[in-house]
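Shown next, in C-alpha cells, is the structure this report addresses.
Computed from the coordinates by the stated procedures, all read-outs in this text should not be read as laboratory data. Keep in mind that this is a model prediction, so the values were computed, not measured. Backbone-built Cβ (ideal geometry, glycine too); neighbour counts: all protein chains shown.
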C-alpha cells in the first residue's frame, strides 16, 4: 500500500504541475527582464561609442589648440619679417648712394638719389597701408595732430595747422604717430 499511496501522490503532484509552464518557455516577467537586459546592453554599447567619440574629439581639440598657440606665437615672433624684407632694398640704395663718388654734380646727384630713395620708401609704406597725415592748412584735429604751440597768423582763421614740425602717419585707420604741428590762434 505504501507504494500505491506514493504513486497516487506522484500522480496528484503531476496534476498540480500542469498549470505551470513548461521549462522551455519563459514567463512574461522573464521575457520583460531579458528585453530590458538587451536594452541595457545596447545602451552601454551606445554609451561606450559616444564616450570614445567624445574622448577622440577632446584629444583632437586639444591638439588643435596647441597647434594654434604655436602658430600664433610664431606669427607674433615673425610679424615684422615681411616689413623688414621690403625695407632692405631701401637700405641697399642708401649704401650705394654713400659709396658713390661725388663728381662736379655731386650735390645734385645726391639730391636725386635721396629723392628716389624717399619715393621707394614711401611706396613700400603705402603698400603696407601706411599713409602720411595731411596736416597743413587743415583744421586742427586732436585725434590726428599734437599741437606743439600756437601762433597768431594774419588773414587766417583760428585752429588751422600752419606749420608741421614732424609728419604724422596712419596705419589703415589707426594713428601710428600724431603730426606735431603749430596751430593758428
Next item on the list: Please report, largest first and rounded to whole Å, the three semi-axes of the ellipsoid equivalent to segment 57-156, where each semi-axis is the square root of five times an eigenvalue of the C-alpha gyration tensor.
Entry: 42, 29, 9
Checklist line | Relative packing of 68-77, 108-117, which averages over residues the other C-beta atoms within 10 Å, highest first | finding: 108-117, 68-77
Next item on the list: Averaged over every viewing direction, what's the projected area of the C-alpha convex hull for segment 129-185? Give it in nm², one decimal, please.
Entry: 3.3
Item checked: Stretchable slack from residue 131 to residue 152, in nm (0.36 nm times residue separation minus alpha-carbon distance) -> 4.6 nm
Check: Tell me, in nm to one decimal, what length is gained between residue 51 and residue 81 on full extension, where the rule is 0.36 nm per residue of separation less the Cα-Cα distance?
Finding: 6.3 nm
